[in-house]
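What follows is a short report on a single structure.
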């Protein structure tokens with residue numbers, strides 16, 4: 001099933017597998033205590049396999065999170081690949097198949113929660129969130145997004161793992 005709920009640059013739900021799994025999560029348990037609808041979120045656990053997904057409903061003090069593996073949502077992804085001394089050091093060109101991580105680093109721009117870096121700015125492991133895939137309006141010629149010479153944030157279809 002394919003549908004677009006909002007225009008590119010905002011939120012678009014690309015596809016949802018038939019076995020949809022939504023989970024109620026306390027807002028206080030999330031890394032970002034004040035998420036907005038359609039934000040990627042994670043529950044910090046110190047593990048790469050932390051519970052993660054995309055907010056679909058907020059009814060304080062609960063967020064309903066799509067935790068469905070294989071679900072594809074459009075999110076902004078920062079192309080930072082590594083940090084040094086708590087600052088962004090190297091960058092990656094985002095390609096189809098690039099792994100993305102939930103990154104709570106303070107260097108992340110507002111409303112950007114995913115990056116290409118497996119470690120955050122403090123050196124702690126980031127939660128593996130998903131993989132970049134083509135959305136319905138993209139082709140191979142739309143990649144790479146960003147470059148290895150400068151940091152930026154790019155709208156990408158991300159398949160949740």
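The values are calculated or read from the model by the stated rules, or taken from the named source; none is laboratory data. Predicted model, so just to flag it, every value in this text is computed and none were measured. Reconstructed Cβ throughout: ideal geometry from the backbone, glycine too, with neighbour counts over all protein chains shown.
Of note:
- Search result, residues across segment 97-114 that are closer than 19 Å to residue 160 by Cα and part of a loop (DSSP other than H, G, I, E, B): 97, 98, 103, 104, 111, 112, 113
- Qualifying strands (runs of 3 or more DSSP E) (wholly inside segment 23-91; at least 2 residues being surrounded by 21 or more Cβ atoms within 10 Å (Cβ to Cβ)): 40-42, 52-59, 62-66, 72-78
- Checked against the criterion of being under 25 Å from residue 66 (Cβ atoms) and surrounded by 21 or more Cβ atoms within 10 Å (Cβ to Cβ), the candidates 112, 158 yield just one match: 158.
- Note on segment 115-126: residues that are surrounded by fewer than 17 Cβ atoms within 10 Å (Cβ to Cβ), part of a loop (DSSP other than H, G, I, E, B) and within 15 Å of the chain's Cα centre (by Cα) total 1.
- Single unsatisfied condition, residue 55 versus (1) at pLDDT 95 or above; (2) touching a strand residue (DSSP E or B) at 6+ places or on another chain (Cβ under 8 Å); (3) closer than 22 Å to residue 107 by Cβ: (3)
- Given (1) modelled with pLDDT of 95 or more; (2) touching a helix residue (DSSP H, G or I) at 6+ places or on another chain (Cβ under 8 Å), number of the condition residue 43 does not satisfy: (1)
- Only listed residue being under 14 Å from residue 96 (Cα atoms), in contact (Cβ under 8 Å) with a residue 24 or more places away in the chain and crowded, with 16+ Cβ neighbours inside 10 Å, chosen from 129, 143: 143
- Qualifying positions in segment 149-161 - touching a residue at least 60 places away in the same chain (Cβ under 8 Å) and not in a strand (DSSP E or B): 151, 152, 161
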